[in-house]
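Single-structure report; data block below.
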Amino acid sequence: MFTHFLNLLATIISVASLLIVTYGALIAIIQFIINECKRFTGGYNTTNIRKLRSVFGTYLLLGLEFLIASDILKTVLEPTMTELIILGGIVLVRTVLSVFLNREIKELESDSRNMQKEC
């Protein structure tokens, strides 16, 4: 009974992860199209693309966090080498993505401060 509950919980968390990443991708696609349409009106800005990457990366990180939680539950239920390798791979991808996303956010904040000082 408890194993069935944990399997169901892991599945629900996995679905939540997919929904978060899909939602973030949808927002990113819409913002990308809006920014590209600004090329024709002269309002295009490369900073908007960097902001978009930052926002989308945040959704990816959140989705990966949920996926890690799901995989931890699956690994507890079936501690096979395959499950451990999958969990390790997801944690590695999440860590690398987090490092680069944090660097991007710091650069955006620095650029934003520099622009405010100029004005």
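The values are calculated or read from the model by the stated rules, or taken from the named source; none is laboratory data. Since this is a predicted model, take the numbers as computed values, not measurements. A quick note on method: Cβ atoms are made from the backbone with ideal geometry, for glycine too, and the neighbour counts reach across all protein chains shown.
Which residue out of ILE13, ILE27 is aliphatic (A, V, I, L, M) and touching a residue at least 60 places away in the same chain (Cβ under 8 Å)?
On the way: ILE27 fails: touching a residue at least 60 places away in the same chain (Cβ under 8 Å).
Exactly one of ILE13, ILE27 is aliphatic (A, V, I, L, M) and touching a residue at least 60 places away in the same chain (Cβ under 8 Å), namely ILE13.
Assess whether ILE20 counts as being of a type outside the set (Gly, Ala, Ser), touching a Gly at 6+ places or on another chain (Cβ under 6 Å), closer than 30 Å to MET1 by Cβ and in a helix (DSSP H, G or I). Give the derivation first.
Working: of a type outside the set (Gly, Ala, Ser): yes; touching a Gly at 6+ places or on another chain (Cβ under 6 Å): yes; closer than 30 Å to MET1 by Cβ: yes; in a helix (DSSP H, G or I): yes.
Yes; evaluated as a whole, the condition is true for this residue.
Exactly one condition in (1) basic (Lys, Arg); (2) under 27 Å from ALA69 (Cα atoms); (3) exposed (fewer than 12 other Cβ atoms within 10 Å of the Cβ) is not met by ARG53; state its number.
(3)
Return yes or no: is LEU87 closer than 27 Å to LEU9 by Cβ and at pLDDT below 85?
Details: closer than 27 Å to LEU9 by Cβ: yes; at pLDDT below 85: yes.
When the stated conditions are applied, LEU87 passes them.
Residues checked against (1) farther than 22 Å from GLY24 by Cβ; (2) aliphatic (A, V, I, L, M); (3) at pLDDT 85 or above:
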site	(1), (2), (3)
THR46	no, no, no
LEU52	no, yes, yes
SER70	no, no, yes
LEU77	yes, yes, no
ASN102	no, no, no
ASP111	yes, no, no
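Filter the range 1-43 for residues that are surrounded by 11 or more Cβ atoms within 10 Å (Cβ to Cβ) and among the hydroxyl-bearing types (Ser, Thr, Tyr); which is farthest from the chain's Cα centre (by Cα)?
Within the range 1-43, the match that is farthest from the chain's Cα centre (by Cα) is THR11.
Could you list, in sequence order, the residues of the range 87-111 that are of a type in the set (Lys, Arg) and under 12 Å from the mean Cα position of the chain (by Cα)?
Keep residues of the range 87-111 that are of a type in the set (Lys, Arg), which gives 94, 103, 106.
Once the filter is applied, which keeps residues that are of a type in the set (Lys, Arg) and under 12 Å from the mean Cα position of the chain (by Cα), the range 87-111 yields only ARG94.
Regarding THR47, is this residue touching a residue at least 12 places away in the same chain (Cβ under 8 Å), of a type in the set (Val, Ile, Thr) and at negative phi?
Values: touching a residue at least 12 places away in the same chain (Cβ under 8 Å): yes; of a type in the set (Val, Ile, Thr): yes; at negative phi: yes.
Considered against the rule, which asks whether it is touching a residue at least 12 places away in the same chain (Cβ under 8 Å), of a type in the set (Val, Ile, Thr) and at negative phi, THR47 comes out as yes.
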